[in-house]
Amino acid sequence: MDVWEFLLVPFVASLVYTGILSYLGVHVVERGVIFVDIALAQIAALGAAVAVLFGMDVHGEGAYAVSLAFTFLGAVVFSTVKSRSRRIPQEAIIGITYAVASAAAILAMSKAVGETEHLKDMLVGNILVVSWPEVGRAALLCAFVGAFHYIFRRRFLLISTDPKAAEAQGISVGWWDFLFYLSFGFVVSSAVAVAGVLLVFCYLIVPSVGAILFADSIGRRLAIGWIMGAVVSGLGVYLSLAIDLPTGATIVCTFGAALLLMAAVRVLFFRN
């Protein structure tokens, strides 16, 4: 019974992040900027690394504030590049940003004596040791961002699926892109501190990609993505404890295995 109580906290945390990240992942896939999420996650990790370099607790409010500030800067860059530059592909800017942020995080952590373990935590996370207060704060944040997106869901969806039609209707695509990445940054900054960069990327992309195999409508994709995220999270957390493996990396690999299984089912039974 103690084991199940121990697993309950990380499982609930994974459900919280699955709910909002799977939704945001649908928009990311529709926009065709697949790697913007891992780039923003890495920028958030860079902010946390800088905070640690200056003596802040990696899980404290100061580190979160620095991480959030870095993520906001990334949101400004990505929204500005899309709205103003037509010659430079946005994916090129995203790739460059990810590479530079990754290298800068390594440099920052190399100067933080005795804190190199945090570099691994930022990459693969340590969701197994998350606490109930952290889960509560994450749930409130995700509920706030979810409510914001629900209120303006028509604009966000139109911009993600047909930006030209949005412009024709007089919608400021650049401004709403900034709001999208800004709200995205709030969630990513929180999630990276708990789940790590790789796991955040999986929560954003893998459920959406898996759902595309079986559904065309946004509603059905969300339903499939949420179910997939919940099942894989529970299985990954359990396997990490049963086999004594790092939790974040185990969930990431479980996501990959689940996606391969879904693809096989799609080919064998739903080819038409």
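Coordinate-derived values only; no laboratory data. In this text, all values refer to a predicted model and were calculated from it rather than measured experimentally. Backbone-built Cβ (ideal geometry, glycine too); neighbour counts: all protein chains shown.
Couplings for region 184-200, taken from phi via the Karplus curve 6.51 cos²θ - 1.76 cosθ + 1.60 with θ = phi - 60°, read 4, x, 4, 5, 5, 4, 6, 5, 4, 5, 9, 9, x, 5, 5, 5, 4 Hz in order; Gly and Pro are left as x. Taking a ≥ b ≥ c as the square roots of the eigenvalues of the Cα gyration tensor, region 157-272 is classed as oblate, since a/c reaches at least 1.5 and a/b does not exceed b/c. For Phe152, no residue whose modelled amide H falls within less than 5 Å of its own remains once neighbours fewer than 5 places apart on the same chain are excluded. Restricting region 22-62 to chymotrypsin sites (Phe, Trp or Tyr not before Pro) that sit in a DSSP loop and have at most 13 other Cβ atoms within 10 Å of their own Cβ leaves Phe54.
Kirkwood analysis of the Cα pair distances in region 1-75 returns a hydrodynamic radius of 14.2 Å.
Spread over its residues, the convex hull of the C-alpha atoms of region 2-266 is 126 Å³ per residue. Take every pair of alpha-carbon atoms less than 8 Å apart whose residues are at least six positions apart; their mean separation over the length of region 8-84 yields a relative contact order of 23 percent. Projecting the Cα positions of Leu53, Phe72, Phe6 onto the charge dipole of region 1-99 (unit charges on Cβ atoms of Lys, Arg, Asp and Glu, taken about the Cα centre) puts Phe72 furthest along the positive direction. Karplus-derived 3J(HN,Hα) values for region 221-232, using 6.51 cos²θ - 1.76 cosθ + 1.60 with θ = phi - 60°, are 4, 4, 4, 5, x, 5, 5, 4, x, 5, 5, 5 Hz; glycine and proline are entered as x.
The packing ranking, built from the mean of other Cβ atoms within 10 Å per residue, places the peptides 202-208, 156-162, 232-238, 129-135 in the order 202-208, 232-238, 156-162, 129-135, highest first. Packing order of peptides 62-70, 168-176, 252-260, highest average first: 62-70, 252-260, 168-176 (average count of other Cβ atoms within 10 Å over each peptide's residues).
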